[in-house]
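Reading through the structure tokens given below for one structure.
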There are 2 protein chains.
Amino acid sequence: MLSLEEKIVHDGLALGTQIVKVDSFLNHQIDVAFLHEIGQEFGRLFADKHPAKILTMESSGIGCAIAAAQALGDLPVLFAKKTVPSTMVEDIWYADVKSFTKGTVSRAVVARKFLTAGERVLIIDDFLAHGEAGMGMIEICRQAGAVVVGMGAVIEKEFQGGGARIREALGDGAELHSLAVISQIRDGVISFRH
Amino acid sequence: MLSLEEKIVHDGLALGTQIVKVDSFLNHQIDVAFLHEIGQEFGRLFADKHPAKILTMESSGIGCAIAAAQALGDLPVLFAKKTVPSTMVEDIWYADVKSFTKGTVSRAVVARKFLTAGERVLIIDDFLAHGEAGMGMIEICRQAGAVVVGMGAVIEKEFQGGGARIREALGDGAELHSLAVISQIRDGVISFRH
């Protein structure tokens, strides 16, 4: 998605070799007009998979998931929670997700009643790095018996290996689409694979 | 907002006298079609205040804030973070926010560069209970010298006193609008004030 690559280069910030900051338009401040474009692109890529629900991870996946849901006909969005709220009294599905940046493990939780066996689920997230969050969401869908019809990431950092892990976990019939794939971050320059 | 009250009664769940669960359509699973209606209502209520930006709190405020932003002409949405990411290296504004349900205090953080003096800010959140999150966001705007032109909450629990605190803090010229105001939760019955 060329407009996204341009936005990453123009408004993003490369930090070292591992991190690109996009907090001016994606995961702290959200450019709502641009979010619409992201949603349209996910809609174009996944309409033929006929998802019934979108699953994402709080917090920064929520905006992208809503935009994709709007483009796909106002699908419900379910966001996995990283802390179990005291009001969540029912049975849950969960997966433990490691954060390489923070060096911590957090539990991603979904109420069982919102994911049902056979339900066609599209997973959407803002970043795909080592693939931990994506693998956690795939695991949650497997626990529920839901069918993962695909996964969409706004920005994939290819060199961190998550894309390969997710593709293997998805298997045949479900595709991973990343709207921008970063192949390298070096000396403040962000390079993309096309 | 009558359709919201009906949705709370129909899809919500009253727990004891303090909690109403709306995780089937608002803060775990999101009803994206209904979210559009919520956004339209905030747009109608706040268009004449001419906000330039919407401020909300992660995670469950994000959806409502995006919907309001879309209704107001694709305003940028800024969401305060409850944990400081390792990639957030710049100067921050912050406020400490107490959670009465969890009995904890967390720090809500915003990068200084995204809130500027004189900027017209509309605060949006899903719940208004004791008013802690709202007061924290007002405090963050004050630190930045931003102008709070109003605050919108989807659901206010009037009996927890947050509305009165927020109205006093907003002062003249800025209004609080809650789309549904719950006056009492008792024996599984949710009562509204009109």
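Of the residues that make up region B:27-38, is at least one more than 30 Å from A:ILE92 (Cα to Cα), without any contact (Cβ under 8 Å) to a residue 40 or more places away in the chain and more than 8 Å from every other protein chain (Cβ to nearest Cβ)? Checking region B:27-38: not a single residue is more than 30 Å from A:ILE92 (Cα to Cα), without any contact (Cβ under 8 Å) to a residue 40 or more places away in the chain and more than 8 Å from every other protein chain (Cβ to nearest Cβ).
Given B:ALA129, B:ALA117, which one is more than 23 Å from A:LYS21 (Cα to Cα), touching a helix residue (DSSP H, G or I) at 6+ places or on another chain (Cβ under 7 Å) and surrounded by fewer than 17 Cβ atoms within 10 Å (Cβ to Cβ)? Steps first, please.
Working: B:ALA129 fails: surrounded by fewer than 17 Cβ atoms within 10 Å (Cβ to Cβ).
Checking each option against the conditions leaves just B:ALA117.
Given A:GLU156, A:GLU132, A:GLU90, which one is within 10 Å of chain B (Cβ to nearest Cβ) and acidic (Asp, Glu)? A:GLU90 is the lone residue from the list that is within 10 Å of chain B (Cβ to nearest Cβ) and acidic (Asp, Glu). In the set A:ALA80, A:ALA14, only one residue is outside any loop (DSSP other than H, G, I, E, B), of a type in the set (Gly, Ala, Ser) and over 20 Å from B:ALA65 (Cα atoms); that residue is A:ALA14.
Of the candidates B:GLY150, B:GLY134, the single residue that is in contact with a Leu (Cβ under 9 Å, 6 or more places away or on another chain), crowded, with 21+ Cβ neighbours inside 10 Å and in a helix (DSSP H, G or I) is B:GLY134. B:ASP96 passes every criterion in (1) over 21 Å from A:PHE34 (Cα atoms); (2) in a helix (DSSP H, G or I); (3) in contact (Cβ under 8 Å) with a residue 12 or more places away in the chain; (4) not small (Gly, Ala, Ser) apart from (2). In region A:4-12, is there at least one residue being more than 18 Å from A:ASP125 (Cα to Cα), of a type in the set (Val, Ile, Thr), touching a residue at least 60 places away in the same chain (Cβ under 8 Å) and more than 11 Å from chain B (Cβ to nearest Cβ)? Within region A:4-12 (the criterion being more than 18 Å from A:ASP125 (Cα to Cα), of a type in the set (Val, Ile, Thr), touching a residue at least 60 places away in the same chain (Cβ under 8 Å) and more than 11 Å from chain B (Cβ to nearest Cβ)), the answer is yes, since at least one residue qualifies.
For B:LEU170, the criteria (1) over 22 Å from B:ILE54 (Cβ atoms); (2) without any contact (Cβ under 8 Å) to a residue 40 or more places away in the chain; (3) surrounded by 14 or more Cβ atoms within 10 Å (Cβ to Cβ) hold in every case but one, which is (1).
Checking each residue in region A:94-107 for being surrounded by 14 or more Cβ atoms within 10 Å (Cβ to Cβ) and within 12 Å of chain B (Cβ to nearest Cβ) picks out A:SER99, A:SER106.
Scanning region B:30-49 for residues that are of a type outside the set (Val, Ile, Thr) and under 15 Å from the mean Cα position of the chain (by Cα) yields B:LEU35, B:GLY39, B:GLU41, B:PHE42, B:GLY43, B:LEU45, B:PHE46.
Against the list (1) more than 30 Å from A:ALA71 (Cα to Cα); (2) of a type outside the set (A, V, I, L, M, F, W, C); (3) modelled with pLDDT under 95, the condition B:ARG112 fails is (3).
Of all residues in region B:39-74, those satisfying the criterion of being surrounded by 24 or more Cβ atoms within 10 Å (Cβ to Cβ) and either at the interface with chain A (Cβ under 7 Å from one of its Cβ atoms) or of a type in the set (Val, Ile, Thr) (or both) are B:ILE54, B:THR56, B:ILE62, B:GLY63, B:ILE66, B:ALA69, B:GLN70. Restricting attention to region B:99-123, the residues that are touching a residue at least 40 places away in the same chain (Cβ under 8 Å), closer than 16 Å to B:ALA146 by Cα and part of a strand (DSSP E or B) add up to 5.
Just one of the listed residues (A:GLU175, A:GLU156) is within 16 Å of A:LYS49 (Cβ to Cβ), touching a strand residue (DSSP E or B) at 6+ places or on another chain (Cβ under 8 Å) and charged (D, E, K, R), namely A:GLU175. Of all the listed residues (A:LEU45, A:LEU55), the sole one being within 16 Å of A:ALA153 (Cα to Cα), assigned to a strand (DSSP E or B) and touching a residue at least 40 places away in the same chain (Cβ under 8 Å) is A:LEU55.
Counting only residues that are closer than 19 Å to B:PHE100 by Cα and outside any helix (DSSP H, G or I), how many does region B:155-180 have? Final tally of qualifying residues: 4. Which of the residues that make up region A:50-108 are within 15 Å of the chain's Cα centre (by Cα) and among the polar types (S, T, N, Q)? Scanning region A:50-108 gives A:THR56, A:SER59, A:SER60, A:SER99.
Going through (1) modelled with pLDDT under 95; (2) buried (at least 18 other Cβ atoms within 10 Å of the Cβ) one by one, B:VAL77 falls short only on (1).
The values are calculated or read from the model by the stated rules, or taken from the named source; none is laboratory data. Predicted model only: the values in this text are computed from it and were never measured. Cβ coordinates were reconstructed from backbone atoms using ideal geometry, including for glycine residues, and neighbour counts include every protein chain displayed.
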